[in-house]
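Novice: Handing you this structure, nothing more for now.
What follows is calculated from the coordinates using simple rules that are stated; it is not laboratory data. Everything numeric here is computed off the predicted structure, so don't read it as measured data. With ideal geometry, Cβ positions are generated from the backbone for all residues, glycine too; neighbour counts draw on all protein chains shown.
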Amino acid sequence: MTSIQALAVVVVAVPLVTAGLVILAPSKHVTMLARTCAVATSVLAVVLVGVAVRDAGHPLIGHWIVVDAAGALLLAVTAVIGLASVLMSASYLHGAHSSFVAEGHRDRVYYGVLFLFWAMLLAVPLAGNLGAAWLLVEATTAASALLVGFSGKAHALEAGWKYLILTSLGLGIALLGIAILAAGVPTGGVSGLAWGRLATFASGRSTALSAYLLILIGLAAKIGWAPVHNWLPDAHSQAPPPVSALLSAALLPTVLLVAWRTDRALAPLIGVSAAQRLLIGFGLASLAVAVPFLWRPMAFKRLLAYSSLEHLGVMALGIGFGTPLALAGVALHIVGHAIAKALGFYAATPLLVHEPRAARHAVSGVGRTAPALGATMGLSLGALSGLPPSPLFVSELLILAGGVESGRPWPAAVAAVLLALGFLGLAHATIETLVGKGHRRNVTRLPGLRLVTTLGGVSLVVLLGLTAVAPWLSGSGFVDALVRGVP
Amino acid sequence: MTGATGWLLVGLALGLVVVRRRSIAVGLVTTQALVLAVMALQQAGTVSDVVAGLALAMRAVALGALFFVAVARSRETQPLRARVPPMARAGVAVVLILMLTALVPAFGLTSRPAERAVLALVAAGLACAATRRSTLFQVLGIVLVENGLALAAIESPHASSVIIELGVTLDLTLIVCVAALFHLRIFSEFGAGDSAALRSLRD
């Protein structure tokens with residue numbers, strides 16, 4: 001085992017061990033232990049990301065572990081959002097009045113399951129073969145379903161149940177596709193499912209296409225692409241806010257990476273054009289379904305969930321267009337979306353204390369009654385809408401330009417119209433949130449507000465930094481490595 | 001795989017789609033999983049194959065026990081009536097099976113009947129999850145899909161990875177444990193393990 005592979009194992013092992021430790025630790029030390037281990041996990045992951053980005057042109061490829069540019073991108077996002085979610089969790093738990101488990105065990109069970117979920121999420125981008133990637137994605141379902149239903153309330157149980165059943169069935173369909181591939185790869189076993197070996201599939205193009213379709217449709221149910229997205233708004237709106245952030249900012253794009261790698265691996269067999277058409281179809285369908293909901297007055301977290309549907313659609317389009325310009329846009333979009341979306345979900349913790357009706361209804365005028373909270377929410381919504389200078393504005397431009405460059409001007413044009421409509425919907429929500437008509441507010445001290453505003457300040461700097469570096473991204477070695485994929 | 005074994009597996013799957021009592025349904029799925037375990041052990045050529053077969057048997061027994069506990073702890077005054085009547089459910093399952101076997105070309109298992117049996121089990125599992133109201137039947141639908149995939153692994157001409165097979169077994173067990181927890185909480189919250197009660201979140 002090389003030192004990089006060992007580091008990759010440690011990055012996953014630390015949160016895994018922490019999950020066990022927080023279950024056993026005395027109650028008064030649980031939060032401190034969780035925070036310390038979260039910092040350690042993130043630091044280790046960032047070191048691994050640094051190594052992967054430095055050697056982006058020479059990815060480490062094994063049957064079990066892959067450390068490449070695309071994996072590094074998702075690893076960085078998952079590490080940072082995971083750390084922020086652990087830090088925000090104490091504020092959520094402080095204000096939570098009910099849970100799935102007995103009061104005395106609540107915090108340790110929450111952190112235990114959260115670290116398990118995080119460990120699996122960190123492992124997915126490092127998975128060296130399709131079988132292992134599937135196993136890890138399925139494992140995230142078990143852990144995250146418990147977290148979605150963690151409050152134990154009727155709506156949370158409903159959301160958790162839908163999420164568990166729909167995504168498990170979807171992943172079952174994906175596994176059928178993987179079984180078909182495994183039967184047709186001459187070497188068999190784990191090495192046969194390694195990303196680079198999938199192209200040796202020997203049972204013919206039509207069988208390969210069937211397998212690809214089953215895998216993509218199955219993964220689409222977990223990514224939340226329309227029309228198999230029904231669980232997404234419910235799960236994201238009912239989960240504890242730090243978990244919603246991880247679901248939206250890290251889980252969805254991480255599963256997208258598995259679809260992306262499968263697409264790249266099978267494209268020589270099924271034809272690049274067929275694979276791209278499917279992804280573009282999912283992208284446009286997701287945009288078309290999301291946009292009408294972005295125009296409706298809606299509970300804040302639910303609005304963010306529909307925005308996830310829109311943005312995962314944009315990422316699907318970028319991967320479908322597949323040009324260096326579009327893939328530079330996808331990389332930028334994954335990072336920008338993660339930061340802006342996670343910030344929005346974190347703001348929901350103090351928001352639900354400030355205005356409890358925000359759990360079910362649209363909010364307005366928060367900028368007047370709680371300026372710091374309103375500004376954070378406004379920053380999140382503004383960035384997600386693609387309002388310049390948001391990096392999402394630049395990434396969407398890059399993806400649309402990539403569409404034209406790839407010879408698909410019509411899908412790019414339709415996407416441009418849908419994105420403009422989505423922008424108007426979210427821009428209206430931003431204005432309402434900041435300066436809309438106010439309601440009588442709870443003026444008690446808001447849990448987690450200081451941390452949320454600090455994260456807001458950091459996010460603003462990072463988002464502007466991303467916009468600044470965007471023009472140089474498309475010609476970089478990093479994007480070249482993304483275009484090459486796992487050889 | 002003999003033709004009789006294939007028909008037995010598909011018959012048990014269709015039985016799950018139509019039966020009304022939860023305990024009978026659990027018995028059908030457990031029997032099916034045990035048949036698969038016996039097949040795996042009969043065809044085992046290496047130590048890894050034996051380990052995978054034993055894991056399949058343990059999974060069958062563990063999940064069967066878990067389901068029976070869940071049934072016992074959520075006794076309902078009368079069985080839930082599904083949205084779709086039994087014969088219509090069987091019809092949906094048969095149509096799905098025919099569609100899937102017609103659409104998916106030969107994919108390299110040891111025989112075409114084995115491939116059809118795999119696709120039939122997956123289709124019946126999907127039909128069960130989609131047409132039943134009972135939360136327990138929906139989970140049994142997922143297990144049925146996974147039984148179909150276990151059959152694919154058994155009938156694959158290549159040696160599959162024992163780690164991947166054990167991982168799939170572990171994942172399914174985890175999913176069913178979490179689903180059983182949800183089922184019991186839903187039962188205590190709504191007074192029935194009825195997915196029809198879970199429709200308040202709509203836009």
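Novice: Taking the Cβ of A:Ala145 as the centre, find all other residues whose Cβ is under 14 Å away and add up their charges (Lys, Arg: +1; Asp, Glu: -1).
Specialist: Numbers: positive: A:Lys162, A:Lys222, B:Arg185; negative: A:Glu138, A:Glu158, A:Asp234, B:Asp171.
For residues surrounding A:Ala145, the net value is -1.
Novice: Return the average number of partner chain Cβ atoms within 10 angstrom of each residue Cβ along peptide B:81-94.
Specialist: Across B:81-94, the average partner-chain Cβ count within 10 Å equals 0.
Novice: Find which of A:Val363, A:Leu343, A:Leu303 sits farthest along the positive direction of the dipole of chain A, computed with +1 on the beta-carbon of Lys and Arg, -1 on that of Asp and Glu, about the Cα centre.
Specialist: Positive-most Cα among the choices belongs to A:Val363.
Novice: Within a 10 angstrom radius of the beta carbon, how do B:Leu201, A:Leu464 rank from fewest other beta carbons to most? The partial results should precede the final answer.
Specialist: On the way: B:Leu201 19, A:Leu464 13.
Placing the least packed residue first, the sequence is A:Leu464, B:Leu201.
Novice: So if I place +1 on the C-beta of Lys and Arg and -1 on the C-beta of Asp and Glu, and nothing else carries charge, what would the dipole magnitude of the protein assembly as shown be about its Cα centre? I want it in debye, nearest 20. Kindly include the intermediate steps, with their values, before the conclusion.
Specialist: Numbers: 43 positive and 24 negative charges, 348 e Å.
The dipole magnitude comes to about 1680 debye.
Novice: So what's the Cα pair-distance distribution over region B:1-115, bin width 10 Å, in %?
Specialist: 12, 33, 35, 17, 3
Novice: Then there is this: Apply the a/c threshold of 1.5 to the C-alpha gyration tensor of region A:242-307 and tell me whether it is rounded, prolate or oblate. Working shown, then result.
Specialist: On the way: a/c = 7.36, a/b = 1.75, b/c = 4.22.
Oblate, because a/c is 1.5 or more while a/b does not exceed b/c.
Novice: Need the C-alpha centroid separation for region A:104-142 versus region A:312-378, integer Å.
Specialist: Here the answer is 23 Å between Cα centres.
Novice: In chain A, what is the count of Lys pairs whose alpha carbons are under 17 Å apart, counting only pairs at least 8 residues apart or on separate chains? Intermediate results must be reported in sequence, preceding the final value.
Specialist: Details: A:Lys153/A:Lys162; A:Lys153/A:Lys301; A:Lys162/A:Lys222; A:Lys301/A:Lys341.
Eligible lysine pairs with Cα atoms under 17 Å apart amount to 4.
Novice: Hey, another quick one. Calculated from DSSP H runs of 4 or more alone, at -39500 (n - 2.57) each and per residue, what is the 222 nm mean residue ellipticity of chain A, nearest 500? Don't skip to the answer; put the middle values down first.
Specialist: Details: 20 runs with 369 residues, N = 487.
That calculation yields -26000 deg cm²/dmol at 222 nm.
Novice: Under a crude label model (7 Å from the Cα following the beta-carbon direction), how far is B:Asp203 from B:Ile24 in nanometres?
Specialist: According to this spin-label approximation, the distance is 4.2 nm.
Novice: Still on this structure, I have one more. Would you mind calculating the relative contact order of chain A from Cα pairs under 8 angstrom and at least 6 residues apart, reporting the percent as a whole number? Don't skip to the end; give the middle numbers.
Specialist: Details: 867 pairs, mean separation 77.1, N = 487.
Dividing the mean separation by the residue count of chain A yields 16 percent.
Novice: Same structure again: For B:Phe137, A:Phe115, what ranking results if the residue with the fewest other Cβ atoms within 10 Å of its Cβ goes first?
Specialist: Lowest to highest Cβ neighbour count: B:Phe137, A:Phe115.
Novice: A further question follows. Compute the length gained on full extension between B:Glu76 and B:Gln43: take 0.36 nm times their separation in residues and subtract their Cα-Cα distance, giving the result in nm to one decimal.
Specialist: The span from B:Glu76 to B:Gln43 would gain 7.7 nm if fully extended.
Novice: In chain B, with Lys and Arg counted as +1 and Asp and Glu as -1 at Cβ, which of these residues, B:Phe67, B:Phe107, B:Val168, has the Cα nearest the positive end of the dipole, that is, farthest along it?
Specialist: Among B:Phe67, B:Phe107, B:Val168, the one farthest towards the positive end of the dipole of chain B is B:Phe67.
Novice: Considering only C-alpha atoms, what is the centroid distance from region B:174-203 to region A:13-35, in Å?
Specialist: First find each Cα centre; the distance between them is then 29 Å.
Novice: On the Cα set of chain B, report Rg and Dmax in Å, please.
Specialist: In Å, with Rg to one decimal and Dmax whole: 17.0, 54.
Novice: Hey, another quick one. Mind jotting down the three principal axis lengths of region A:268-369 based on Cα atoms? Whole angstrom, largest first.
Specialist: That works out to 56, 23, 19 Å along the principal axes.
Novice: How high is the relative contact order of region A:1-62, in percent, with contacts defined as C-alpha pairs under 8 Å that are six or more residues apart?
Specialist: About 42 percent, as a whole number.
Novice: Then there is this: Summing +1 for each Lys or Arg and -1 for each Asp or Glu, what net charge is found among the other residues whose Cβ lies under 15 Å from the Cβ of A:Ala72?
Specialist: After counting each charged neighbour, the total is 0.
Novice: Give me the number: length gained by fully extending A:Val101 to A:Ala40, i.e. 0.36 nm times residue separation minus the C-alpha to C-alpha distance, one decimal in nm.
Specialist: Contour length minus the Cα-Cα distance gives 19.2 nm.
Novice: State, as an integer percentage, the relative contact order of region B:85-203 based on alpha-carbon contacts under 8 Å between residues 6 or more apart.
Specialist: Across region B:85-203, relative contact order equals 23 percent.
Novice: Another one. Compute the signed sum of charges (Lys and Arg +1, Asp and Glu -1) over the other residues within less than 15 Å, Cβ to Cβ, of A:His333.
Specialist: Values: positive: A:Lys341; negative: A:Glu310, A:Glu396.
Here the count lands on -1.
Novice: List the residues, sorted by chain then number, that are 5 or more residues from A:Val66 or on another chain and whose placed amide H is less than 5 Å from its amide H.
Specialist: Distant-sequence amide H within range of A:Val66: A:Ala127, A:Gly128.
Novice: Let me ask another. Which shape class, rounded, prolate or oblate, goes with region A:99-166 when its Cα gyration tensor gives a ≥ b ≥ c as root eigenvalues, a/c under 1.5 marks rounded, and past that a/b bigger than b/c marks prolate?
Specialist: Taking the square roots of the gyration eigenvalues as a ≥ b ≥ c, region A:99-166 is oblate.
Novice: To make sure I understand, if each residue's beta carbon is the centre and we count other beta carbons within 10 Å, what order do B:Ile24, A:Ile319, A:Ile217 fall in, fewest to most?
Specialist: Neighbour counts put them in this order, fewest first: B:Ile24, A:Ile217, A:Ile319.
Novice: Between A:Ala370 and residues 5 or more places away or on another chain, which pairs have amide H atoms under 5 Å apart, with H built 1.01 Å from N, and which residues are they?
Specialist: none
Novice: Select from A:Ser474, A:Tyr163, A:Leu74 the residue farthest towards the positive end of the dipole of the protein assembly as shown; place +1 on Cβ of Lys and Arg, -1 on Cβ of Asp and Glu, and compute about the Cα centre.
Specialist: Of A:Ser474, A:Tyr163, A:Leu74, it is A:Tyr163.
Novice: Another question about this same structure. Counting only residues 5 or more places away or on other chains, whose amide H sits under 5 Å from the amide H of B:Arg132 once H atoms are built in the peptide plane?
Specialist: Correct list: empty.
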